[in-house]
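Notes to accompany the following structure.
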C-alpha cells in the first residue's frame, strides 16, 4: 500500500494543476425549472459533520459556513456546532417537457425530492455541497441542482400529511420531519428570510455533488434536449474540470419566499447510516417556504483547492 500513496498524490496534484490553469467557463440558461417546498437550516455536531465531510471531500478546502447571518450568529459555538440544510421540494423540470413520449415513460418531468446539503464558501463563492438526495419517483430523475444524477437515492415512499409531517420511508426505516409555512406572508417577513438565506447560499443558488464527476444524464436524454448538444461542444473542458463543476441557478422574477418552520423528528436504520451526523441534531433555527422559477446552468471549475 505504501508504494501507491505517492502515485495517487502525484495524480491528484497533476489534476489540480490542470484545473488551476483552466479559464472559468459559464454555460448559462441550459435548463428551466420550478421548485416548490421548504428549506431549513439545522444544527448538528460539528465534529460529526466534519468527519463525514473529510471522508468525501478529500483535497478540497470546503468549509461549512457557520452562523454568519441573521439574529442567530452569536447563539452557538462554531467550534462545536455545524450547519446542515434540509429541503423537501416538488420539482417541475420544464426543460424535459419536450422529450419524446418514449423517454417520458422512463424519465420524470415532475417529482418529489428531499435533500441534505452543507453550505460552503470556497474561494469567495457561496454554495451548497449536496450530501444526499432522495426521491420516491418510479422514473429516472435528473435534478437540475445536482451535478451527478447517480447521487440520487430511490426510496420506497415520501408521504406528506395535512398536519405538515413529511416521512421518507425505505423498508422499515424512516426519516421524519414536521413543517409549517404561511405562503401569504408580508413584505417585511419575506425580506428578512431572503437576506438570511442569500447571505448563506448566495443570491444565485450554486450547488455541487463534488467529488462525483459531472453527469447530467445525456447518455439517456441524448438529442431530446438542447443542453446535451451544448455540453457535447464543451466535452474536453468538462473532462479537464473533472468533478470541479457547480450548477448555478438564477432566480427569475417569478419567485415567492416566506418564513417557515421545520423540525427534524426521527431518523432510523437506512437513513441514519447514510447520514450519521443527523443523529446529533440540536435544532432548526430558520426555514423558508419557496415557490420559484429558475434558469439553470453550470460553471467550471468552480471550487478553489488548498
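Filtering region 266-275 for residues that are on the phi > 0 side of the Ramachandran plot, surrounded by fewer than 23 Cβ atoms within 10 Å (Cβ to Cβ) and assigned to a strand (DSSP E or B) leaves an empty set. The set of residues in region 133-153 that are surrounded by fewer than 17 Cβ atoms within 10 Å (Cβ to Cβ) and more than 19 Å from residue 221 (Cα to Cα) contains only 153. When the residues of region 276-306 are narrowed to those that are more than 17 Å from the chain's Cα centre (by Cα) and in a strand (DSSP E or B), which ends up surrounded by the fewest Cβ atoms within 10 Å (Cβ to Cβ)? This residue is 283.
For region 218-237, residues that are over 15 Å from residue 149 (Cβ atoms) and outside any helix (DSSP H, G or I) total 1. Name the single residue that is nearest to residue 241 (Cα to Cα) among those in region 54-97 being modelled with pLDDT under 65 and assigned to a helix (DSSP H, G or I). Filtering first and then ranking leaves 70.
Checked against (1) surrounded by fewer than 21 Cβ atoms within 10 Å (Cβ to Cβ); (2) modelled with pLDDT of 75 or more; (3) touching a strand residue (DSSP E or B) at 6+ places or on another chain (Cβ under 6 Å), residue 45 passes all but condition (3).
The residue that is farthest from residue 271 (Cα to Cα), counting only those in region 98-126 that are modelled with pLDDT of 95 or more and in contact with a helix residue (DSSP H, G or I) (Cβ under 6 Å, 6 or more places away or on another chain), is 100. Checking each residue in region 107-128 for being touching a strand residue (DSSP E or B) at 6+ places or on another chain (Cβ under 6 Å) and touching a residue at least 60 places away in the same chain (Cβ under 8 Å) picks out 107, 114, 116, 117, 118, 119, 127, 128.
Every residue in region 257-275 that is within 16 Å of residue 48 (Cα to Cα) and under 18 Å from the mean Cα position of the chain (by Cα), please. Let's see the steps before the verdict.
First pass over region 257-275, keeping only residues within 16 Å of residue 48 (Cα to Cα): 267, 271-275.
Within region 257-275, 271, 274, 275 qualify.
Within region 134-188, the only residue that satisfies the criterion of being part of a loop (DSSP other than H, G, I, E, B) and in contact with a helix residue (DSSP H, G or I) (Cβ under 6 Å, 6 or more places away or on another chain) is 142.
Residue 240 meets the conditions (1) surrounded by fewer than 20 Cβ atoms within 10 Å (Cβ to Cβ); (2) part of a helix (DSSP H, G or I); (3) modelled with pLDDT under 85 in every case but one. The failed one is (3). Would you confirm, using the coordinates I've provided, whether residue 225 is buried (at least 18 other Cβ atoms within 10 Å of the Cβ), over 22 Å from the mean Cα position of the chain (by Cα) and at pLDDT 95 or above? Spelling it out, residue 225 is indeed buried (at least 18 other Cβ atoms within 10 Å of the Cβ), over 22 Å from the mean Cα position of the chain (by Cα) and at pLDDT 95 or above.
The values are calculated or read from the model by the stated rules, or taken from the named source; none is laboratory data. For clarity, every value in this text was computed on a predicted model and none was experimentally measured. Here Cβ is always computed from backbone atoms with ideal geometry, including for glycine, and neighbour counts include all displayed protein chains.
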